[in-house]
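A quick write-up on the structure given underneath.
The values are calculated or read from the model by the stated rules, or taken from the named source; none is laboratory data. From a predicted model like this one, the values you see are computed outputs, not experimental measurements. No Cβ is skipped: glycine too gets one built from the backbone with ideal geometry, and neighbour counts run over all protein chains shown.
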Amino acid sequence: MNHAAPTHLPSTSPIIMTVAGFDPCCGAGIAADLKTFAAHNCYGVAAITALTVQNTRGVSSIRCVEASVLKESVEALLADGGVRAIKVGMLGNRANAEVVRETLESNNSLPSVLDPVLRSSSGMELADSEAFAFVRDHLLSRVSVVTPNVDEAAAVRVVKVENLDDMRAAAPPLIEKSAKAVAVTGAHLETASEVYFDGSELDIFLVERVKVEHTHGTGCTFASAIAANLALGRQLRDAVMLAKAYVTEAIRKSYPVGPGRVPVNHLFRMQQAPRAPGPSVPEPVH
């Protein structure tokens, strides 16, 4: 019998690889990334760095995947040749961070987004000090943009970041540490703001804070939305601005799935009637 090779039809959905941990509540980590990619009409593939035991009340334990398994997973996904962007989240330990460094070095033509995860929204440490130091010293320079929250930006700068002025001051030192661009997220401040700096232009994106207490997964979602917009061919500043608008609306449309923290609603666009035009985009403040 003659087995003809399968015909591969052209894909209209860019493929994005996420390298991150698994949250069984599906509000953060790998699941959040995949849902965010889907919401942007992209196709997500995933290499898992760690399994967590958690519910909406918090994280109970973490089991990191062996670095050799992570390396094999990443290489297998990249071997298919279709990946158009990389999003990096929770790494867990230095060995996994070293795998990611090698991956970014050998695929430096792909746009990449690093969410330097330090701890969960409930306070559990998700990276030990050695892993975070390795991310700070070796990964910042190898991605298109890094997206720390105020706590993570403070850990890199070794100073407190407590308000918008602190966020504005935190961005340039991250560039000095070899980051190509940075978007510092202030989701937990009174004004939901993002400070974007690419070494020459600093923008502040401000939106009205959505009054949803104890949200879960905002950082993962913001980073993966940037990756999706980059995979779709948008410029970095525009990708950050559109990601901010998407996360704001995902928070606004969120709902509790348990008695603890509330995950953002990644798929809110599938649950609403078509409307024109889309959600408002935050105006930059120079």
Residue count, region 47-57 (criterion: crowded, with 21+ Cβ neighbours inside 10 Å and aliphatic (A, V, I, L, M)):
2
Restricting region 17-38 to residues that are within 16 Å of T49 (Cβ to Cβ) and among the aliphatic types (A, V, I, L, M), which is surrounded by the most Cβ atoms within 10 Å (Cβ to Cβ)?
A28
Only one residue in G199, G217, G233 is on the phi > 0 side of the Ramachandran plot, modelled with pLDDT of 80 or more, small (G, A, S) and buried (at least 24 other Cβ atoms within 10 Å of the Cβ). Which one?
G217
Being in a loop (DSSP other than H, G, I, E, B) and among the charged types (D, E, K, R) is the filter; apply it to region 139-185 and report the residue that is nearest to M241 (Cα to Cα).
K180
Scanning region 52-107 for residues that are closer than 24 Å to D137 by Cα and of a type in the set (G, A, S) gives A67, S68, A85, G89, G92, A95, A97, S106
So, E249, is that one surrounded by fewer than 24 Cβ atoms within 10 Å (Cβ to Cβ), out of contact with any strand residue (DSSP E or B) (no Cβ under 9 Å at 6 or more places or on another chain) and under 24 Å from R101 (Cα atoms) or not?
no
What are the pairs, 6+ residues apart or on separate chains, where a residue within region 211-231 that is under 13 Å from Y43 (Cα atoms) has its Cβ under 7 Å from a residue that is at pLDDT below 95?
A225/V247
Answer yes or no as to whether K87 is crowded, with 24+ Cβ neighbours inside 10 Å, of a type outside the set (V, I, T) and under 19 Å from G29 (Cα atoms).
yes
Here are some conditions: (1) over 19 Å from L174 (Cα atoms); (2) modelled with pLDDT under 90; (3) buried (at least 18 other Cβ atoms within 10 Å of the Cβ). S60 meets all but one. Which one does it not meet?
(3)
One residue from S68, S106, S73 being among the hydroxyl-bearing types (S, T, Y), modelled with pLDDT of 95 or more and within 17 Å of I30 (Cβ to Cβ)
S73
Answer from M241, M270 - the residue that is modelled with pLDDT of 90 or more and under 24 Å from I15 (Cα atoms):
M241
